[in-house]
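Peer 1: One structure follows; several queries about it will come next.
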Amino acid sequence: MKNERSQDPLKRLVIALDTPDRETFDRWCEQLGPRVGMLKVGLEAFVRWGHEAVDVARRHARGVFLDLKLHDIPNTVRGAVEAARASGVDLLTVHASGGTAMLEAAQRAAGDELGILAVTVLTHLDKGELRALNLPGGSRDRARAWACLARKAGCAGAVCSPLEVSGLRRVCPPPFLLITPGIRLADADRQGDDQQRVATPAKALRAGADLLVVGRPVTRAPDPEAALREIARQIEDALAAP
């Protein structure tokens, strides 16, 4: 990435709208939607408020990322993707572990209107959890294999932790998108944090990430504006690096 300081750094930011409170959800959409690259409607919001949550996000956002992590038989996923496409969202997640047939069904249903993102290894899983699930090879090998599977199936990109980005970027070059949750500011309090494989915005972008998914470090920050300024600064510094 060459010098991109002229671009709005917050276009690289996706805000996760994770709250059980509808008034808070609506306020975040209104305040943050016009300022960041995308708003992410996750499973909690979608189960609580359905397509109304998508509609509210679309009303204010530059783009909407529907994070449902679909994982079912190919025909069922196909139908769900068609419904998501009709709702007007821009990105939709499925689990890469659903396999080639499921990924291909999702991609066919998405057409050219909707980007399918394959979720690789969830960021709360550490080596111990992966061993307990009988998934050998560690998160890096697993994420790389599943991202390559998604790319071969025609998906628009993959979701991975910041720690796997550089390895995935080597085998999945642009325009394949790499989206990273698990973004934390350097001085963030990690107490009670259920995500294990995390990094700062600058480190994730330098490793090759395209979009950064951030929730609590902004929405739960004592000073959300200060958190946004710090993220924007880190993004600018990373994009300006040779």
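The values are calculated or read from the model by the stated rules, or taken from the named source; none is laboratory data. Quantities reported herein were computed from a predicted structural model and do not represent experimental measurements. Because the Cβ atoms are built from the backbone with ideal geometry, glycine has one as well, and the counts that use them run over all protein chains shown. For the accessible areas, the whole protein counts, side chains as well, though only heavy atoms, and no ligand, DNA or RNA atoms are used. Shrake-Rupley method; radii C 1.70, N 1.55, O 1.52, S 1.80 Å.
Peer 1: With an 8 Å cut-off on Cα pairs and a minimum separation of 6 or more residues, tell me the relative contact order of the chain in percent.
Peer 2: 19
Peer 1: Calculated from DSSP H runs of 4 or more alone, at -39500 (n - 2.57) each and per residue, what is the 222 nm mean residue ellipticity of the chain, nearest 500?
Peer 2: Result for the chain: -13000 deg cm²/dmol, rounded to the nearest 500.
Peer 1: On a straight-distance basis, which aspartates and glutamates could pair with residue 152 in a cross-link, Cα separation under 12 angstrom, same-chain partners fewer than 8 positions away excluded?
Peer 2: Residue 152 reaches 104.
Peer 1: Note down the accessible area of residue 49, probe 1.4 Å, to the nearest 10 Å².
Peer 2: 50
Peer 1: Within the accessible area of the chain, what % is carbon and sulfur when the probe is 1.4 Å and the other protein chains stay in place?
Peer 2: With neighbouring chains kept in place, the figure for the chain is 49 percent.
Peer 1: Could you tell me how far the Cα centroid of the range 208-228 sits from the Cα centroid of the range 44-105, in Å?
Peer 2: The range 44-105 and the range 208-228 have Cα centres separated by 23 Å.
Peer 1: Once the Cα atoms of the chain are picked out, what are the Rg and Dmax in Å?
Peer 2: Cα radius of gyration and Dmax of the chain are 17.0, 47 Å respectively.
Peer 1: Please compute the net charge surrounding residue 154, taking Lys and Arg as +1 and Asp and Glu as -1 over other residues with Cβ under 9 Å from its Cβ.
Peer 2: Here the charged neighbours net out to +2.
Peer 1: Could I ask something else about it? At 0.36 nm per residue, minus the direct Cα-Cα distance, what do residue 133 and residue 87 gain on full extension? Give it in nm, one decimal, please.
Peer 2: Here the answer is 13.1 nm.
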